[in-house]
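J.: The following block contains the structure, expressed as structure tokens.
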Amino acid sequence: MRIVIIGSAYPLRGGLASYNERLAKEYIKQGNEVIIYTFSLQYPKILFPGKTQYSNEKPPENLDIRIKVNSINPLNWIKIGREIKKLKPDLIITKYWIPFMSPCLGTISRISKKNKITKVISILDNIIPHEKRICDNLLSKYFVKSVDGFVAMSQSVLDDLQTFDNIKPTSFCPHPLFDNFGEAISKALAKKILKLKENTNYILFFGFIRDYKGLDLLLEAVSDDRLKNLPIKLIVAGEFYSDSKPYYEIIKRNNLDERVIMHTDFIKDSEVVNYFCAADIVVQPYKTATQSGVTQIAYHFNKPMIVTDVGGLSEIIPDKKVGFVVKTNPKAIAEAIYTFYDQNLEFDFVKNVKVEKEKYSWKRMTEAVNEVFNKLKNNDNKK
């Protein structure tokens, strides 16, 4: 097939770019032709909460990435739509994560498929956003109407989709492994690279810091009396996308300065391995969630996890097998951390992680997309 992916990619940084690039490589590996149309402008500066949207790493090899899409310019959407329409791809894949992108992605999709050849399938991170704003539903409806079929990466998102459409073909496939961050290294080497103490245990909170991700709950959990007597420190590795003040106030109020390591710059792809391999366990104390790329990085590096029982997280973390699924409060999170160390569960959990992660291949994701694509083609043949 000739496939066009519309969404984030190099020179943009972050999980969305990594996902689209990895998906493109999988389709190319299977013998398809893939073009990525990425953003020349993804977010206006006023709407972007981080320090920069751009990567300072080397570009990915052997990918056709065209930096052309302006997320806020309707004339650009028309131009790109017409350009892709002329390419006559069999399939357009869009990654949907926020209603802000609906006018751009929805308009390009509508114009592109006027060639009567192209089908549009969206891989859904969310359909109802974590941080809700006025007009979210109207924007999502506009986008959904432009798409021919959907792949949801969690059951909760598939359920949310029913609010907008219950007719078009759908499939469910969990987020695949983020296996593009290199091979694991020893815990001792990772600690040495990060200049951490060799005889201290580390738990990891990783990724952009937004209020819904519950870092405040984890900081409160670390102040639990049971954990104070253990040689444990928390590494917070990720850039603030919300006000940092409340988090530092928790650290100060609970005297956690010596027990929390704040690495709050953006973590480059080449450095991700160090943080995961230095940690014993990854904690995701989210207040709301659908699925998370952090989970799939942890799986790749064979790391146990503690997640809260929200959204789709519990769907892919078997409780007491590869980690713990807990209630969304500091006491429950602290209990899980204490149990993990008190019962020496790391070895057993790691062994189970290595088995469980086999479910999350990129081939399964392309099969899910192709399943929807084949349903659409079959429906055409019946007309």
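J.: If ILE209 meets every condition in (1) in contact with a helix residue (DSSP H, G or I) (Cβ under 7 Å, 6 or more places away or on another chain); (2) touching a residue at least 60 places away in the same chain (Cβ under 8 Å); (3) not charged (D, E, K, R) apart from one, which number is that one?
T.: Going through the list (1) in contact with a helix residue (DSSP H, G or I) (Cβ under 7 Å, 6 or more places away or on another chain); (2) touching a residue at least 60 places away in the same chain (Cβ under 8 Å); (3) not charged (D, E, K, R), ILE209 breaks only (2).
J.: Out of curiosity, is LYS141 in the same structural domain as ILE267 (by TED's automatic domain parsing) and surrounded by fewer than 20 Cβ atoms within 10 Å (Cβ to Cβ)?
T.: In short, no.
J.: For the subset of the stretch 210-249 comprising residues that are closer than 29 Å to GLY312 by Cβ and among the aromatic types (Phe, Trp, Tyr), which member is surrounded by the most Cβ atoms within 10 Å (Cβ to Cβ)?
T.: TYR247
J.: In addition: Out of all the residues in the stretch 124-142, is one or more closer than 24 Å to ASN379 by Cα, of a type outside the set (Ser, Thr, Tyr) and in a loop (DSSP other than H, G, I, E, B)?
T.: Within the stretch 124-142, not a single residue is closer than 24 Å to ASN379 by Cα, of a type outside the set (Ser, Thr, Tyr) and in a loop (DSSP other than H, G, I, E, B).
Table: residues versus (1) at pLDDT below 95; (2) surrounded by fewer than 20 Cβ atoms within 10 Å (Cβ to Cβ).
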{"site": "THR264", "(1), (2)": "yes, yes"}
{"site": "THR290", "(1), (2)": "yes, no"}
{"site": "GLY293", "(1), (2)": "yes, no"}
{"site": "LEU313", "(1), (2)": "yes, no"}
{"site": "PHE349", "(1), (2)": "no, no"}
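J.: Every residue in the stretch 319-333 that is surrounded by fewer than 23 Cβ atoms within 10 Å (Cβ to Cβ) and either in contact with a Leu (Cβ under 6 Å, 6 or more places away or on another chain) or within 18 Å of PRO176 (Cβ to Cβ) (or both), please.
T.: PRO330
J.: Can you confirm whether the stretch 267-286 contains a residue that is over 19 Å from LEU196 (Cα atoms), out of contact with any Leu (no Cβ under 8 Å at 6 or more places or on another chain), without any contact (Cβ under 8 Å) to a residue 40 or more places away in the chain and not assigned by TED's automatic domain parsing to the domain that holds PHE172?
T.: No: the stretch 267-286 contains no residue that is over 19 Å from LEU196 (Cα atoms), out of contact with any Leu (no Cβ under 8 Å at 6 or more places or on another chain), without any contact (Cβ under 8 Å) to a residue 40 or more places away in the chain and not assigned by TED's automatic domain parsing to the domain that holds PHE172.
J.: Still on this structure, I have one more. List the residue pairs whose Cβ atoms are under 9 Å apart, where the first residue sits in the stretch 291-316 and is farther than 21 Å from TYR19 by Cβ, the second is part of a helix (DSSP H, G or I) and of a type in the set (Val, Ile, Thr), and the two are 6 or more positions apart or on different chains.
T.: Cβ pairs passing all conditions: PRO304/VAL350; PRO304/VAL353; ILE306/ILE333; ILE306/ILE337; THR308/ILE333.
J.: Could I ask something else about it? Hey, among the residues in the stretch 12-66 that are over 19 Å from ILE123 (Cα atoms) and of a type in the set (Ser, Thr, Tyr), which one's surrounded by the most Cβ atoms within 10 Å (Cβ to Cβ)?
T.: SER55
J.: Limited to the stretch 81-104, what total is found for residues that are assigned to a helix (DSSP H, G or I), buried (at least 21 other Cβ atoms within 10 Å of the Cβ) and in contact (Cβ under 8 Å) with a residue 60 or more places away in the chain?
T.: Result for the stretch 81-104: 1.
J.: So which residues in the stretch 1-41 are assigned to a helix (DSSP H, G or I) and either not aliphatic (A, V, I, L, M) or not assigned by TED's automatic domain parsing to the domain that holds ASN62 (or both), if there are any at all?
T.: The answer is GLY15, SER18, TYR19, ASN20, GLU21, ARG22, LYS25, GLU26, TYR27, LYS29.
J.: If the requirement is being assigned by TED's automatic domain parsing to the domain that holds LEU215 and in contact with a helix residue (DSSP H, G or I) (Cβ under 7 Å, 6 or more places away or on another chain), which of these qualifies: LYS351, LYS327, LYS303?
T.: LYS303
J.: Which is basic (Lys, Arg) and modelled with pLDDT under 95, of LYS192, LYS213?
T.: Of LYS192, LYS213, the one residue that is basic (Lys, Arg) and modelled with pLDDT under 95 is LYS213.
J.: Continuing with this model, one more query. Restricting to the stretch 227-269, what's the tally of residues that are in a loop (DSSP other than H, G, I, E, B), within 28 Å of LEU16 (Cβ to Cβ) and not hydrophobic (A, V, I, L, M, F, W, C)?
T.: Selection size over the stretch 227-269: 9.
J.: So which residues in the stretch 304-339 are among the aromatic types (Phe, Trp, Tyr) and farther than 14 Å from GLN284 by Cβ, if there are any at all?
T.: Scanning the stretch 304-339 gives a single hit, TYR338.
J.: Can you name the condition, by its number, that ILE46 falls short on among (1) of a type in the set (Val, Ile, Thr); (2) out of contact with any Lys or Arg (no Cβ under 8 Å at 6 or more places or on another chain); (3) modelled with pLDDT of 95 or more?
T.: Of everything listed in (1) of a type in the set (Val, Ile, Thr); (2) out of contact with any Lys or Arg (no Cβ under 8 Å at 6 or more places or on another chain); (3) modelled with pLDDT of 95 or more, ILE46 misses just condition (3).
J.: Is it the case, given these coordinates, that ILE93 is hydrophobic (A, V, I, L, M, F, W, C) and under 14 Å from ILE3 (Cβ atoms)?
T.: In short, yes.
The values are calculated or read from the model by the stated rules, or taken from the named source; none is laboratory data. None of the values given here were measured: they were computed from a predicted structure. Reconstructed Cβ throughout: ideal geometry from the backbone, glycine too, with neighbour counts over all protein chains shown.
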